[in-house]
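Participant: Structure in structure tokens, see below.
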Amino acid sequence: MIKFFRKIRQRLLTENKFSKYLIYAIGEIILVVIGILIALSINNWNNRNKEEQKEFVYIKSMIEDIESDIMQSENIIKRLDLTVIRIDTLLIELSSQHIYYNSNKAYNLFISSAGFADFTPNDRTMQLLKNSGGFELISHKEASDAIWEYDKSVKLFHSQDYMMGNALSNMNMIELPFDLISLNNPLKNQSAIPLLSNDQKVLNNMYYNRLYWRVGTNSLKVRVQKVHDTGIETVGILKSIYGL
């Protein structure tokens, strides 16, 4: 092709047809420019196509992570509800008179309500997006905003989770009125075990301790519920935008 154009130029110069040569030269330059622009367009299209594929992979992975969190959060909410029920029952037990001669039920409720369900959101894709600059690939602002809003709800949960962890470690220091040796001895645990101490102050401390724990458990549930609800909303937005 290059030899073909070269022959045309040489023939025009040989025939002293400068005006035609000039027109031809300009035309050739225009063709070269057009060729370059086409090549650049194709290259840009290829790059954008690769970016769109990466974006799609990120979005699919994010949806999978959030859907996993939604399923996990539903189980956690049920367990937190059960913890609140156990605490409420324990508070009734601690206020009753029969606890002085039979503390078995109160002890079992105290133990079963002492912890809190561990919720671990899956942040694999979120970390990839943050650390690799992947958010620049997300072309839809609504999708990006939804992902950031979900991440915000997860951070709020982690904040409450951290507070609950600290509170739990402090609760381990409270004085227990239960006769733990008798309660944990299967041979003696068949009968009603009285309190080790009838000190009303000790019972009051335990009562307010568990009352405080109930408030914290409800707050944690609110945070998990927020993650759950925001997750459902985010998945809906992403699926709608990307046709998934």
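Just so you know, all these numbers are worked out from the coordinates, no wet-lab data involved. A quick note: this is a predicted structure, and the numbers were derived from the prediction, not measured. Methodologically, a virtual Cβ is constructed for each residue, glycine included, from the backbone with ideal geometry; neighbour enumeration extends over all protein chains shown.
Participant: Could you tell me which residue of region 205-231 is surrounded by the fewest Cβ atoms within 10 Å (Cβ to Cβ), considering only residues that are of a type in the set (Lys, Arg) and either within 18 Å of the chain's Cα centre (by Cα) or not in a helix (DSSP H, G or I) (or both)?
Facilitator: Step by step, filter region 205-231, then rank; the result is LYS226.
Participant: Looking at region 128-157, which of the residues that are without any contact (Cβ under 8 Å) to a residue 24 or more places away in the chain and within 22 Å of LEU244 (Cα to Cα) is nearest to the chain's Cα centre (by Cα)?
Facilitator: TRP148
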